[in-house]
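> Dropping a structure here in structure tokens format, bear with me for questions.
Every number in this text was worked out from the coordinates using simple rules, so none of it is lab data. These numbers were taken from a predicted model, which means no experiment stands behind them. Here the Cβ positions follow ideal geometry from the backbone for every residue, glycine too, while neighbour counts run over all protein chains shown.
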Amino acid sequence: MKTKAIIFGVTGQDGSHLTDLLLSKNYEVIGVARRCSVDTTERIKDRLECPHFHLAEGDITDAHSVIGILKENDDVDEVYNLAAQSHVGISFKQPGLTWDITGKGCLNILQSLVDLEIDCRFYQASSSEMFGDSYSVDKDGKKYQDENTKFLPQSPYAIAKVAAHYMVRLFREAYGMHASAGILFNHEGERRGENFVTRKITRWISGYCSWLDRFHTSHNENILAFGKDEIYIRSRLDNDEGFEYPKLRLGNLDACRDWGYAGDYVEAMWAMLQQEHPDDYVICTGQTHSVREFLDYAFGYVGVTDWSNLVTIDPEFYRPAEVDYLCGNASKAKNRLGWVPKYGLEELVQTMMEHDLDVNLQSVS
Ligand code: NAP
Ligand code: G4F
């Protein structure tokens, strides 16, 4: 008999990587996707025809829908809750919705599993955002976060994640559930949502490169002119259509994040559920970089060393409260799960840039 898994949030970045991983391990996968007026299955489109993959329609804010799916699959071995309103900035504008999905959604699944007496293993997608402004300091004075660092959440998203995280601990202790939480630091890649900062940057750069290509030119300060919000090609100023390109608009460039590759991180999720005992684990690279440094790497990939004229700061992308510094310590995951990340920032940027440049090339040709 195949091992059976349910993935809530299957259409997202991590859901698609986890689907690939579990199918490669010979699992039967039920992916839960909510109804939407447009198709949201782009990231899993190659899996839809696979006989061991099945889509189920459901919404984790609706307990009836969660119960229905679990009842139909009460022989499930592993349940992964990756569903969330996962954008921190948006959580300030839609705090109630974020609470319902990111916080209460997790409770809906946990309580349904208990009520239906389903004996399975459960994974919750917790987040480094839960640390917020908090950090520990090692003997060399380096700031870091691990499983013992206290939470000091700085957004409605992070508060909802903390509530879900504590709910997992409660269900583990109160009902003896095999429920684990991965406290994952930022992880990115070619499937990352387009409004997260890394993907916004790599997509913009590839769009800019293909705009320059249209004029058979490359990035060279002497042939470009810079307005407040636009970039122009000097020789084309009068006549050509499309001679201007909007600058990359960003918010806070000084925030530091510990960025890893999503494909690496879903392996840690799976490994947690293979342990005899449930637990919480920090998953990260242990390296932190500012958004500014990410820009250096990404622009550097296409040979641009000074990007200051290409980027404009737009207060619209500032958040009412910011998380300034995240840098994890994944020693526990390394020791207990044998998990280590394969990608550093350079490999991550290379993967994302290669992909986005390629996509732009295909759309032009
Ligand atoms: P993502 O790309 O935003 O995916 C979120 C998924 O949740 C999507 O499939 C989305 O469906 C689904 N979803 C949203 N609301 C739902 C609802 N009411 N019912 C059912 N499904 C719903 O996020 P991700 O980057 O893959 O992250 C996966 C999980 O890890 C999230 O819980 C996130 O908060 C957490 N996390 C992510 C990171 C990171 O750096 N990526 C770090 C730490 C924790 P639609 O396609 O319909 O929107
Ligand atoms: O890419 P971000 O939106 O990711 P953020 O806020 O760190 O959250 C992501 O990682 C969390 C794990 O720590 C997940 F739980 C969460 O679901 C999500 O996946 O922003 C990163 C940084 C922030 O400091 C933000 O203020 O980049 C800064 N930033 C600067 N300009 C921007 C922008 N962020 C976005 N999204 N867009 C900008 O234009």
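> Could you pull out every residue, at least 5 positions away or on a different chain, whose amide H is within less than 5 Å of the one on GLY251? Hs are placed 1.01 Å off N in the peptide plane, and Pro or chain starts have none.
ASP314
> Sticking with this structure for a sec: What order, most packed first, do the peptides 341-348, 247-254 have when packing is the mean number of other Cβ atoms within 10 Å of each residue? Working shown, then result.
Numbers: 341-348: 18.1, 247-254: 16.6.
Going from most to least packed, we get 341-348, 247-254.
> If you average the sequence gap of Cα pairs under 8 Å that are 6 or more apart and divide by the length of the chain, what percent do you get for the contact order?
With pairs under 8 Å counted, the relative contact order is 17 percent.
> Please work out the Cα center distance from the stretch 177-239 to the stretch 290-307, rounded to the nearest Å.
What the calculation gives is 10 Å, centre to centre.
> What Rg and what Dmax come out for the chain when only alpha-carbon atoms are used, in angstroms?
My reading of the Cα-based Rg and Dmax gives 21.8, 72 Å.
> May I ask for the angle, rounded to the nearest 10°, between helix 262-273 and the longest principal axis of the chain, with both axes built from Cα atoms and the value confined to 0 to 90°?
Helix 262-273 and the main axis of the chain meet at about 10 degrees.
> Follow-up. Just want the ordering: MET353, MET177, from fewest to most Cβ atoms lying within 10 Å of their own Cβ. Before the final figure, lay out the partial values.
Values: MET353 23, MET177 20.
Final ranking by Cβ density, sparse to dense: MET177, MET353.
> Which angle between 0 and 90 degrees, to the nearest 10, do you get for helix 345-364 versus the longest principal axis of the chain when only C-alpha atoms count?
Between the helix axis and the principal axis of the chain, the angle is about 70 degrees.
> Here's another thing I want to ask about it. Explain nothing, just the number: dipole magnitude of the chain about its Cα centre with +1 on each Lys and Arg Cβ and -1 on each Asp and Glu Cβ, in debye rounded to the nearest 20. Walk me through the numbers on the way to the answer.
On the way: 37 positive and 56 negative charges, 92 e Å.
I would put it at about 440 debye.
> Based on DSSP H runs of at least 4 residues, each adding -39500 (n - 2.57), what is the mean residue ellipticity at 222 nm of the chain after dividing by all its residues, to the nearest 500 deg cm²/dmol? Show your work: numbers first, answer last.
Numbers: 10 runs with 124 residues, N = 365.
Using -39500 (n - 2.57) per qualifying helix, the result is -10500 deg cm²/dmol.
> How do the peptides 134-140, 2-8 rank, highest first, by the average count of neighbouring beta carbon atoms within 10 Å per residue? Please list the in-between numbers first.
Numbers: 134-140: 11.0, 2-8: 22.3.
Listed from highest to lowest mean packing, they are 2-8, 134-140.
> I've got another one for you. What angle do you read, to the nearest 10 degrees and between 0 and 90, between the alpha-carbon axis of helix 156-175 and the longest principal axis of the chain?
Once rounded, the angle reads 20 degrees.
> Another question about this same structure. Arrange the peptides 316-325, 48-57 so that the one whose residues have, on average, the most other Cβ atoms within 10 Å appears first. All intermediate terms of the calculation are to be shown ahead of the outcome.
On the way: 316-325: 14.6, 48-57: 12.8.
Per-residue Cβ counts within 10 Å, averaged per peptide and sorted highest first, yield 316-325, 48-57.
> Can you bin the stretch 288-344 into rounded, prolate or oblate? Criterion: square roots of the alpha carbon gyration tensor eigenvalues sorted a ≥ b ≥ c, rounded for a/c under 1.5, prolate for a/b above b/c, oblate for the rest. Don't skip to the end; give the middle numbers.
Values: a/c = 4.48, a/b = 1.62, b/c = 2.77.
Oblate.
> Here's a follow-up. Counting pairs of alpha carbon atoms under 8 Å apart in space and at least six apart in sequence, what relative contact order in percent does the stretch 232-330 give?
Values: 109 pairs, mean separation 43.6, N = 99.
So the answer I get is 44 percent.
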